[in-house]
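Take a look at the structure below.
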Amino acid sequence: DQNTFQAIISHCKEYGFIFQSSEIYDGLSAVYDYGQNGAQLKKNIRDYWWKSMTQLHDNIVGIDAAIFMHPTTWKASGHVDNFSDPMIDNKDSKKRYRVDHLIEAYAATLPEEQGKALVATMEQLEAAQDYAGLKALIEENKIACSVSGTVNWTDVRQFNLMFSTQLGSVTDEASEIYLRPETAQGIFVNFLNVQKTGRMKIPFGIAQVGKAFRNEIVARQFIFRMREFEQMEMQFFIRPGSQKEWYEKWKETRMQWHLSLGIDPAKYRFKNHVKLAHYADAAVDIEFEFPIGFKEVEGIHSRTDFDLKQHQEYSKKKIQYFDTEINQNYVPYVIETSIGLDRMFLLVICAAYAEEDLSTPEKQDSRVVLRLPAKLAPTKLAIFPLTKKDGLPELAQQLMDECKQHFYCFYEEKDAIGKRYRRQDAVGTPFCVTIDHQTKEDGTVTIRHRDTMEQERVPMSEVRNLVLNKIL
Ligand code: ATP
């Protein structure tokens, strides 16, 4: 629900995960900065994806293409002509809405069947690009502007989502270039470079992580929908005719990746696209149940040979592959898996966030804990000397030195131990170790487990391996 969502947003700020961009200037809409814990968590998610896609697949390699691309790229890909959303302005409030979001929000207030029917009608009109029909639908239902409450709408228009800027010092039309709205095209234009220099044999994939930019018309949804975000995409090149088989394989493989993080499978579902993009012959979303409902985190798209063929036509360069097994030249087909890194971050935080009541008959108590998968947690181990004297800090430092070569550690000697534990719970640190007077006598320490809050005594010399076993 909205309250949980708001609590998570506040938590992200309070514990240094996410800040509004340029906050001291009252922020920039739908743009966010990652703080000290957020940057590390985001990096861990990125690394987890990168390793599973490249290191663990012999036939997938990774690249890092530039954000700026030759402007013809976006003509060829269809983005100049098609990458737009129908939008509508309210004449009184001057607020701009995405037509689908406006109608969906209204449909959610109706009885279920009625709401579904309305959304179905909208999807049909959208697919038919019937903008007058969409406007009529809004007017028939007397859908009002959430700010002014009025129903005074402009016509429905297409709004291109690409940001543009000027390359170099000459400001003419020819120097206009775009910030890439997806990372995929950087892979398509490098298909031959990678295939030839890597001597890749079909089927093979190219993976990439990088920024993408879209001038979204945004409802307030935190990092769910941003104007600057990061995508983790993989394009898998296959023989024409084998797309059904590979599409099913990648659907399955990607769902398994999500489940490998130990997140409740009931929170996931597949949703087939009703309206297929101009390049696709099949497409499905992996949806997750966020506090604001089931929403897309990842798309798996069967992109046919659309993109390579388009680039072949626009660049006038032959983009083909000679398949020695069947002695044939062809333009490969593509299955794409595309996931938003920021959206995955939100998913991970939402799945991990828990408010727990720890009250006993004697005492009221509670905690907020992030039950992050240990391999994703920003800090793996917190090390606390019980007091600041008697040589305990020195022993703690010794453990720090031993462990920080291998994983992120956090050292703290201030405040009561209970308080220190709670702060680590709130940032998702899976293990805390306390060094006390007994450590000086027998070399053992107390290790405390975040999720169960159980504590056990173990030799200090075993701490490093104990943690390593849980995070690899
Ligand atoms: P939506 O329908 O939510 O606008 P989309 O279908 O346009 O998304 P794709 O173009 O398939 O999304 O992009 C692939 C993935 O990139 C999405 O599943 C999502 O995780 C992520 N993504 C897309 N747009 C954004 C955005 N504005 N902010 C954050 N992540 C995004």
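Report, by residue number, each residue of the stretch 1-34 that is in a loop (DSSP other than H, G, I, E, B) and among the hydrophobic types (A, V, I, L, M, F, W, C). Break it down into steps so the answer makes sense when it comes.
Pass one, the stretch 1-34, residues in a loop (DSSP other than H, G, I, E, B): 1, 15-17, 21-22, 26-31.
If the condition is that a residue be in a loop (DSSP other than H, G, I, E, B) and among the hydrophobic types (A, V, I, L, M, F, W, C), then 17, 28, 30, 31 are the ones that fit.
Within the set of pairs 6 or more residues apart or between chains, which connect a residue that is outside the structural domain of residue 34 (by TED's automatic domain parsing) and closer than 14 Å to residue 355 by Cβ inside the stretch 4-17 to a residue that is small (Gly, Ala, Ser) and part of a helix (DSSP H, G or I) with Cβ atoms less than 6 Å apart?
No pair meets every condition.
Just to be sure before I move on: is residue 224 under 26 Å from residue 352 (Cβ atoms) and in contact with a Leu (Cβ under 7 Å, 6 or more places away or on another chain) in the structure I sent? Working first, answer last.
On the way: under 26 Å from residue 352 (Cβ atoms): yes; in contact with a Leu (Cβ under 7 Å, 6 or more places away or on another chain): yes.
Judged against the criteria, residue 224 is a match.
Counting only residues that are outside any strand (DSSP E or B) and aliphatic (A, V, I, L, M), which one in the stretch 379-405 is surrounded by the fewest Cβ atoms within 10 Å (Cβ to Cβ)? Explain how you work it out, then say what you get.
Of the residues in the stretch 379-405, the ones outside any strand (DSSP E or B) are 379-380, 386-405.
Retained after the next criterion (residues that are aliphatic (A, V, I, L, M)): 386, 392, 395-396, 399-400.
Details: 386: 20, 392: 20, 395: 19, 396: 23, 399: 22, 400: 16.
Ranking the candidates gives 400 first.
Restricted to the stretch 294-318, and to residues that are within 15 Å of the ligand (Cβ to nearest atom) and among the aromatic types (Phe, Trp, Tyr), which residue is farthest from residue 281 (Cα to Cα)?
Across the stretch 294-318, the extreme among qualifying residues is 294.
The values are calculated or read from the model by the stated rules, or taken from the named source; none is laboratory data. Predicted model, so just to flag it, every value in this text is computed and none were measured. Ideal geometry is used to build each Cβ from the backbone, glycine not excepted, and the neighbour counts take in all protein chains shown.
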